[in-house]
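Structure record follows, encoded as structure tokens.
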Amino acid sequence: MSADYRVRPLLLGWGVIKAGIRVSPVFKTRGEAEGWLERHLAGRAPASRSCMSCAAPFDSAGLHDRLCPRCGLAGHNLHSDASATAWPGRHERRETV
Ligand SMILES: [Zn+2]
């Protein structure tokens, strides 16, 4: 796929180069650099993934995107109550029993 990424030997190790610029950390071995590149590409590539909640395939924007739009919305509603609707962020209740 992305042919413009290259694993190249550097002065002090190995790195991933794109358009002449190093985009990865410097690794000791070529294998580490290649592993980084693989994860990097896998994480960035939009792909069809299975929803973690209902297992339905959906178009994921990346590795962080694991819920289908339906479950993503349902998840927000699930934990919402009147006091937690103002912010779309996390409102985790800490209950000490
Ligand atoms: Zn789902």
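Some values worked out for this structure:
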{"read-out": "Glu34 versus Leu63: modelled label distance in nm, points set 7 Å from Cα along the beta carbon direction", "value": "1.8"}
{"read-out": "Likely footprinting exposure, Trp36, Trp14, fewest C-beta neighbours within 10 Å first", "value": "Trp36, Trp14"}
{"read-out": "Pairwise label distance in nanometres, Tyr5 with Val23, each label 7 Å out on the Cα-Cβ vector", "value": "0.7"}
{"read-out": "Derived scalar couplings ³J(HN,Hα) [segment 12-26; Karplus, 6.51 cos²θ - 1.76 cosθ + 1.60; whole Hz; x for Gly, Pro]", "value": "10, x, 10, x, 9, 10, 10, 6, x, 10, 6, 10, 10, x, 8"}
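Values quoted throughout were computed directly from the atomic coordinates according to the rules given, and no laboratory measurement underlies them. Quick caveat, the model's predicted, so the values are computed rather than measured. Heads up, the Cβs are rebuilt from the backbone with ideal geometry, glycines too, and the neighbour counts pull from every protein chain shown.
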